[in-house]
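The values are calculated or read from the model by the stated rules, or taken from the named source; none is laboratory data. Computed from a predicted structure; not experimentally measured. Cβ coordinates were reconstructed from backbone atoms using ideal geometry, including for glycine residues, and neighbour counts include every protein chain displayed. SASA here: full protein model, heavy atoms, side chains in, ligands and nucleic acids out. Shrake-Rupley method; radii C 1.70, N 1.55, O 1.52, S 1.80 Å.
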Amino acid sequence: MTPARMFRRQEAAVAFTLLGATALLLARPYVTPAPTVRLWSFAAGYVAIGLAALAVPTPEDRTRPLPAGLALAAGAVGLAAASLAAGPSAPVPWGPGALPVAILAAVAEEALFRRAAYGRLARFGPGVAVIGTAVAFGLVHLPAYGVAALPVDLGAGLLFSWQRWASGTWLVPAATHAAANLLVVLA
């Protein structure tokens, strides 16, 4: 097999992985079994998404305009400001398994958007990677949270994507995203 053909096959496999993981995220609102089964199906879906995203080959990112700790601190400030601006939310009856699934969801989504998708879009420049992954993140949350939440989801996507660019790693936005999800579950 020629190198060009191998490259095309790898790109097709990556596209299939990214599209399949995105389809799983888009299907979340339509999973309607009993609450316990739903929690386990979400957990299994997030594990599949995370593992698929981690399997996508991505180029090493040597760009690190900020230390990871500073990018993480900026994310914490942004998260605190958004929480204050939003005010108290209506209580949601979360079950006992919601906490680990919320963390799993954050890590899986960040592996997908800020590792795999960002890594693929980075070849077109950091602006395309930041904006592209932020928009994809916002749009994939549309079926679950509706148009009213789109500005918040886009804002979160921009913050996470900026953190990815600034720190050079997807782990920083994963930590911020996990903290945001924990705030929602624990509030």
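When you look at residue 13, is it surrounded by 13 or more Cβ atoms within 10 Å (Cβ to Cβ) and touching a residue at least 24 places away in the same chain (Cβ under 8 Å), yes or no? Even if it seems obvious, please write down each step before you answer.
Details: surrounded by 13 or more Cβ atoms within 10 Å (Cβ to Cβ): yes; touching a residue at least 24 places away in the same chain (Cβ under 8 Å): no.
It is false that residue 13 is surrounded by 13 or more Cβ atoms within 10 Å (Cβ to Cβ) and touching a residue at least 24 places away in the same chain (Cβ under 8 Å).
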ask   = What pairs can you find where one residue is in the range 149-172 and at negative phi, the other is not in a helix (DSSP H, G or I), and their Cβ atoms are less than 6 Å apart, with a gap of 6+ or different chains?
value = 153/141; 164/170; 166/65; 166/66
message = Residues that are assigned to a loop (DSSP other than H, G, I, E, B), at pLDDT 80 or above and either closer than 21 Å to residue 157 by Cα or in contact with a His (Cβ under 8 Å, 6 or more places away or on another chain) (or both): does the range 26-41 have at least one?
response = no
query = Can you pull out the residues in the range 147-173 that are among the aromatic types (Phe, Trp, Tyr), within 11 Å of the chain's Cα centre (by Cα) and in a helix (DSSP H, G or I)?
reply = 160
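Can you tell me which residue is farthest from residue 108 (Cα to Cα) among those in the range 49-68 that are outside any loop (DSSP other than H, G, I, E, B) and open to solvent by 50 Å² or more (accessible area, probe 1.4 Å)?
The extreme case among them is 55.
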inquiry  = Yes or no: the range 80-98 includes at least one residue that is among the polar types (S, T, N, Q), under 30 Å from residue 35 (Cβ atoms) and modelled with pLDDT under 95.
reply    = yes
Qualifying positions in the range 121-134 - within 15 Å of residue 173 (Cβ to Cβ) and either open to solvent by less than 90 Å² (accessible area, probe 1.4 Å) or in contact with a Ser or Thr (Cβ under 7 Å, 6 or more places away or on another chain) (or both) = 121, 122, 126, 129, 130, 132, 133, 134
